[in-house]
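Worksheet: the structure to be examined is printed underneath.
The values are calculated or read from the model by the stated rules, or taken from the named source; none is laboratory data. If you're wondering where the values come from, they're calculated on a predicted model, not measured in any experiment. Backbone-built Cβ (ideal geometry, glycine too); neighbour counts: all protein chains shown.
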Amino acid sequence: MTSTTPEQVRQITQDVLSRREFLQKPTWSQIIFEKILGWLRALSQWSEKNPDLARVLVTVLVVLTAILVIHIIYTIAREFVSLRKPAHAGSSGPLRALEGIAENWHDAFKLAKTALDSGDLYRALWITHRVLLSVLDRMGEIKFLRWKTNTDYLRECRDTGSVRTMLAEVTAAYERVIYAHTDFDRGQAMKLLAQVEALSGETNR
């Protein structure tokens with residue numbers, strides 16, 4: 001029987017542990033961190049070779065960062081002020097959802113119908129969804145804020161009956177056309193628009 005020396009045992013063990021299946025795989029965070037370090041090293045080398053361009057790049061990045069920070073501060077301040085304002089049935093607060101679309105629901109519905117007539121389902125459903133959020137805001141079912149997601153509004157909606165069902169159906173159509181860019185039945189889009197218009201009429205009574 002052949003005897004094995006301790007040195008041979010250590011060598012065999014090391015060979016086995018060095019196999020690929022025994023090597024520890026790096027985590028995603030480690031991979032991303034190493035990638036970022038690699039980009040920073042490459043950027044540092046590039047800036048050393050191109051100091052003038054590097055200064056221009058730094059200036060542009062500083063300006064863009066400043067604009068972004070100002071925009072974020074402005075958005076947060078505007079939303080904070082809107083939250084502090086009391087919501088009255090006759091106020092124009094809920095019409096914030098229509099900014100960039102129309103001054104009121106009546107004009108928004110006209111635009112949505114025109115879009116449907118021209119076959120622009122994208123714009124028609126986008127307006128329908130925004131008007132519905134505005135109506136639900138007026139009703140007190142939700143609070144419209146630009147940073148909220150569709151899931152937030154569905155979760156926030158207090159109604160558990162027809163209003164919530166309408167919100168779910170309009171949201172599903174919206175996401176199918178706006179996000180997934182898939183086709184949608186024009187007749188169904190007209191039906192959803194009519195339902196939202198009827199709800200807005202009840203809210204205005």
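Filtering the range 143-187 to residues that are in a loop (DSSP other than H, G, I, E, B) and in contact with a Cys (Cβ under 6 Å, 6 or more places away or on another chain) leaves nothing. Count, please, the residues in the range 113-129 that happen to be surrounded by fewer than 15 Cβ atoms within 10 Å (Cβ to Cβ) and either among the β-branched types (Val, Ile, Thr) or touching a strand residue (DSSP E or B) at 6+ places or on another chain (Cβ under 9 Å) (or both). Of the residues in that region, 1 qualify. Among the residues examined, GLU175 does not qualify as of a type in the set (Asp, Glu) and buried (at least 17 other Cβ atoms within 10 Å of the Cβ).
Among the residues examined, THR182 qualifies as in contact with a Lys or Arg (Cβ under 7 Å, 6 or more places away or on another chain), without any contact (Cβ under 8 Å) to a residue 40 or more places away in the chain and either surrounded by fewer than 16 Cβ atoms within 10 Å (Cβ to Cβ) or closer than 11 Å to HIS129 by Cβ (or both). Each residue in the range 23-64 was checked for being in a helix (DSSP H, G or I) and polar (S, T, N, Q), and 6 of them qualify. Quick check on the range 99-112. Is at least one of its residues surrounded by 11 or more Cβ atoms within 10 Å (Cβ to Cβ) and either modelled with pLDDT under 85 or polar (S, T, N, Q) (or both)? Scanning the range 99-112, I find at least one residue that is surrounded by 11 or more Cβ atoms within 10 Å (Cβ to Cβ) and either modelled with pLDDT under 85 or polar (S, T, N, Q) (or both), so the answer is yes.
Scanning the range 132-162 for residues that are under 16 Å from LEU192 (Cα atoms), over 20 Å from the mean Cα position of the chain (by Cα) and hydroxyl-bearing (Ser, Thr, Tyr) yields a single hit, SER162.
The residue list HIS106, HIS129 contains one member that is within 16 Å of GLN195 (Cα to Cα) and in contact with a helix residue (DSSP H, G or I) (Cβ under 6 Å, 6 or more places away or on another chain), which is HIS129.
Against the definition (of a type outside the set (Ser, Thr, Tyr), at pLDDT below 95, surrounded by 12 or more Cβ atoms within 10 Å (Cβ to Cβ) and not assigned by TED's automatic domain parsing to the domain that holds HIS181), how does GLU141 come out, yes or no? No.
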